[in-house]
Amino acid sequence: MLTDRIKQKFLSEFHKEPEFIVRSPGRVNLIGEHTDYNEGFVLPAAIDKSIYLGFSRNQDNVCRVCSLDFAETDQFYLDQLAPRMGGWLNFIMGVADQFQKRGMELGGFDCVFGGDIPIGAGLSSSAALENGVGMGLARLFGHAVNKATLIQISQKAEHEFAGVQCGIMDMFASMMGKKDLAIRLDCRSMEHAYFPLNLGSYQFLLLDTKVTHSLGDSEYNNRKEECEIGIAYLQQRFPSVKSLRDVTVPMLQGAIGEISPTVWNRCSYVVEENERLLKACDCLENADLAGFGDLMYGSHNGLRQKYEVSCPELDFLVDFTLDRVDVLGARMMGGGFGGCTINLIATESVDNFVKKAQKAYLNQMGRQLSAYTVNISNGTEIVEKAMN
């Protein structure tokens, strides 16, 4: 058990037990990619792959942090907070910095953390770490901080100390997750609603391509710019349009030939993806898993053909599922150009499917394929109370 490892390391490193342990999960996004920065909808869920963090106060006025996964211990002082050149400590210092900027006093503390979120698989381990630190520091130093504020703290920490201008979805899903429920998050208003994931004899399976193509960051920025070009044109004809969230398919039809085919495709994908997501929520409410799976395939096709953020490895893995009756849906997950596919598959077929997929992927792509089954879990929480 990870909690036992946390306690053992605390004893050996700090010669005491943690006062409590926080669990903070990674997340998947079931459908709705590249819609967040267009003020659209996303449909994430927290998963049972998590980071665990043990906390205790100390009297030394220093913050000492030990990472089990990186086998490293580092420290910082609260009156000398500044981003470092990379590294996991930035996420922790960034959260502490946000507490202090908001007038919440902290003191020296000890922390040991470790988890089972696969690093680099696009499951938002950084958001899980930030959320876990935020909840831990609030509890440790007696600050009554609601979850909405903790989410904002995590996002600002990522922006200012990790240097990543991320959206809100990752932190929100990790913090607000509920077991067996997906979260429909409105990225304009931050309103959210929960939808049942009654999967029955099916489950979600992630296939990790183990690749990250170097053009990811630059192409991400290009997609944002292309969407903005489309919005600017549409606003001339429809002044009420504030973002692609306000655009309908008929509006776009009228823009054919007026904007470049590339910009039209980008806008078309986003508009259609928002529609797919809303239909997907209806499918969940009606326990229509086959319909949900079809929408997953539709999402991937849009990302592949219109938004052009897929890659050969992702396409191969999605195409590999098309003739299998035990897979209801599959698509790339995340920003694109690598990472994981998410698959809705019959539970009894998982082992056999993974073996065949790994063999085919190795033969075709020359790479090893990793697979992770995930269950939908609660969000960030304290799992072990104060220990005497």
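Taken over the range 118-136, residues that are buried (at least 22 other Cβ atoms within 10 Å of the Cβ) and touching a helix residue (DSSP H, G or I) at 6+ places or on another chain (Cβ under 7 Å) amount to 10. Suppose the filter is under 20 Å from K16 (Cβ atoms) and in contact with a helix residue (DSSP H, G or I) (Cβ under 9 Å, 6 or more places away or on another chain); does F109 pass it? For F109, the condition - under 20 Å from K16 (Cβ atoms) and in contact with a helix residue (DSSP H, G or I) (Cβ under 9 Å, 6 or more places away or on another chain) - is met. Which of the following residues is touching a strand residue (DSSP E or B) at 6+ places or on another chain (Cβ under 6 Å), within 30 Å of N38 (Cβ to Cβ) and not polar (S, T, N, Q): G122, G115? Result of the check over G122, G115: G122. Within the range 314-341, residues that are within 15 Å of V354 (Cβ to Cβ) reach partners that are acidic (D, E) and surrounded by fewer than 24 Cβ atoms within 10 Å (Cβ to Cβ) with beta carbons closer than 6 Å, at six or more positions or on different chains, in the pairs C340/D208. Considering the range 151-227, the qualifying strands (runs of 3 or more DSSP E), each wholly inside and each with 2 or more residues that are more than 24 Å from L277 (Cα to Cα), run over 202-212. With respect to the conditions (1) touching a Ser or Thr at 6+ places or on another chain (Cβ under 6 Å); (2) aliphatic (A, V, I, L, M); (3) assigned to a loop (DSSP other than H, G, I, E, B), A46 lacks only one, and its number is (3).
Output the residues belonging to the range 21-54 that are of a type in the set (D, E, K, R) and under 10 Å from the mean Cα position of the chain (by Cα). Correct list: R27 only.
When restricted to residues that are assigned to a strand (DSSP E or B) and either of a type in the set (S, T, Y) or crowded, with 24+ Cβ neighbours inside 10 Å (or both), the range 319-337 contains 5. Scanning the range 350-388 for residues that are in a loop (DSSP other than H, G, I, E, B) and either more than 30 Å from N198 (Cα to Cα) or without any contact (Cβ under 8 Å) to a residue 60 or more places away in the chain (or both) yields G366, R367, Q368, K385, A386, M387, N388.
Between G254, G302, G291, which is under 20 Å from Q203 (Cα atoms) and either surrounded by fewer than 20 Cβ atoms within 10 Å (Cβ to Cβ) or at pLDDT 95 or above (or both)?
Going through G254, G302, G291 in turn, the sole match is G291.
Only one of these is touching a strand residue (DSSP E or B) at 6+ places or on another chain (Cβ under 7 Å), buried (at least 23 other Cβ atoms within 10 Å of the Cβ) and either part of a strand (DSSP E or B) or free of Cβ contacts under 8 Å to residues at least 60 places away in the same chain (or both): I6, I21. Name it.
The conditions single out I21.
Filtered by the rule that a residue be touching a Lys or Arg at 6+ places or on another chain (Cβ under 9 Å) and closer than 22 Å to L140 by Cβ, the range 41-71 gives S50, I51, Y52, L53, G54, F55, S56, N58, C66, L68.
The values are calculated or read from the model by the stated rules, or taken from the named source; none is laboratory data. It should be emphasised that the depicted structure is a prediction, and the values quoted were computed from it without experimental measurement. When we count neighbours, we look across all protein chains shown, and the Cβ atoms used for this are built from the backbone with ideal geometry, even at glycine.
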